[in-house]
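Only one structure is covered here, and it is reproduced in the block below.
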Amino acid sequence: MKLITIFNTIIFLFLHVQIFAQVDGDLNTSSVSELDAVQTPGGTWISSSMEIVPNLGYGYRVIIHRSIDNGYEWTMEDSLEIEDGYISIGDPVMSVDNEGNAYLLIMRFVEGSDFNLHLTLYVSEDEGQTWNIKSQPYTGQKFADTPHLLIDASNTFYIAYTEYNNSLVSPSVVHFIKSEDGGVSWTEPQIFEPFQSVDVIGANFNISDGEQINLIYGDYSMPFTYFASSEDAGESWNEIMELPNSFSFAVNKVISNPNSESICVLTHRAHNPTSGIHINYSLDNGGSWNNYTLVEDASMAEGYMDDEGFIHITFNQIIDDEFELIYLYSTDGGVTFSEPLVLFSGPTYVDFPIPPGGQSTTGESQSMILGNDNMFHVTFVDWTDFTKAKHLIFEPFNFETSVNYSPSNEAYNLSVFPNPASDFLNLSMKNSEKFSSWRISTIDGRMISFGQLNSSDTKIDITNLQSGTYLVGVQSDHQIIIKKFLKI
């Protein structure tokens, strides 16, 4: 189950109607089928990619990359290869403790068994350069799938995963375990079951309103999502609530913040690139809920809630064989969302028919983290480039009441003026020799005009454009820098 994810780079600012975007090269050496990333307190970015090993059938390895310059350049540091007793590894998820140590949780397929997967926790105490096994949170006889790792402010470790049974006798359930000694030992699992059928699908959890843990998991064969909350670090749980959904076999993502009582749950069908995205939201810490379909024919939804309670979402969409990475935001806890902004687009490298069983190898999620540079760092599936890993950085919108995002423009080397503009738009940049062309597009990603960059200063005639908001960008082989401008 779990996620295909992948990396690319963007930057965005709403207060002065401009967007910055940057796209870097691949992090991986072959197709990726799951990915996660973290940033340490020291500023190092660490990504873990589940790579398909060529000519090895259902064989995977996990590759570790690091970046010490906020995601602009990456180096490969380690490769967690298949070990004795296992035939494949995958589904990496990551977290960082309050001492700055990075943790990586992976599944390991047991050799000689078609339906037995263990969980292993690795730790790095040197900013992701070397990794050692910390513990094995699950070594049972069943299939521990879709793990999720969370470390809270008090350094308590939490893991949720789905224990699948290769049998119709007993149901598949969610296990919730925790560790209070830095991931060395783990509690006996607390069990969460479905109400509507006999099987569940992957769990996800987050923290809201101080220390409330919010656990979400899906029904395998019925259109329901289940919500459980705990106010005592998972020792006891409130009554499980049944939330309506648009589809079964769904992947869930909980969006919350310890400074807010709002909770938003994003849902799309696992391994289905066109299932659509469903939202359940609560404004009273899970006491009551509302729901609706956010968008049709989309998937890989990921989100983040900032300290103001504003929700930021990215997702993938295919329209007429064109891949698009979309960004939305909400200032009212998920009641309404902004108009979509296309961050990245291009022709898909292959058609995406849904195979028998409704599954696709494209995975089911993205990842979004607010870095210490006040930029969102997003992992996403680049369906334009054979599911290669890309890194995407973008600055969120900025209202007068929101966090003061103020990154240095020096890193992006591009000035656009005047803004607003009526007749001509001027582009001025440093290191212009690194960039070959410019393009203007609408905010929904449709290209209007393009040309070659001949010097550090370029003047573009925009007299034929209708009044409105547009994106102007320059690009090289490895980077795209985009700003938003207003034509009057």
With a cut-off of at least 3 residues that are at pLDDT 80 or above, name the strands (runs of 3 or more DSSP E) lying wholly within segment 410-467. 424-429, 437-442, 447-452, 457-461
Identity of the residue in segment 101-119, at pLDDT below 95 and of a type in the set (S, T, N, Q), that ends up nearest to SER47 (Cα to Cα): ASN116
Starting from residues that are in contact with an Asp or Glu (Cβ under 8 Å, 6 or more places away or on another chain) and in contact (Cβ under 8 Å) with a residue 40 or more places away in the chain, keep the ones in segment 136-152 and report whichever is farthest from TYR103 (Cα to Cα). ASP145
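For GLU111, indicate whether it is out of contact with any strand residue (DSSP E or B) (no Cβ under 6 Å at 6 or more places or on another chain) and surrounded by fewer than 21 Cβ atoms within 10 Å (Cβ to Cβ).
So GLU111 fails the test.
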Which condition number does GLN196 fail, the rest of (1) at pLDDT 90 or above; (2) farther than 23 Å from ILE177 by Cα being met? (1)
Listing of strands (runs of 3 or more DSSP E) fully contained in segment 129-241 that carry 1 or more residues being of a type outside the set (Ser, Thr, Tyr) and surrounded by fewer than 15 Cβ atoms within 10 Å (Cβ to Cβ): 132-138, 190-192
In segment 269-282, is there at least one residue being in the same structural domain as GLU188 (by TED's automatic domain parsing), in a loop (DSSP other than H, G, I, E, B), modelled with pLDDT of 95 or more and in contact with a Pro (Cβ under 9 Å, 6 or more places away or on another chain)? no
Can you name the residue in segment 336-350 that is over 28 Å from LEU283 (Cβ atoms) and of a type outside the set (A, V, I, L, M, F, W, C) and is also modelled with the lowest pLDDT among such residues? TYR349
Please work out which residue is modelled with the lowest pLDDT, limiting yourself to segment 44-62 and to residues that are β-branched (Val, Ile, Thr) and either in contact with a helix residue (DSSP H, G or I) (Cβ under 9 Å, 6 or more places away or on another chain) or buried (at least 18 other Cβ atoms within 10 Å of the Cβ) (or both). ILE52
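The values are calculated or read from the model by the stated rules, or taken from the named source; none is laboratory data. Please read all numbers here as calculations on a predicted model, not as lab measurements. Using ideal geometry, Cβ is built from the backbone for each residue, glycine included, and neighbour counts are taken over all protein chains shown.
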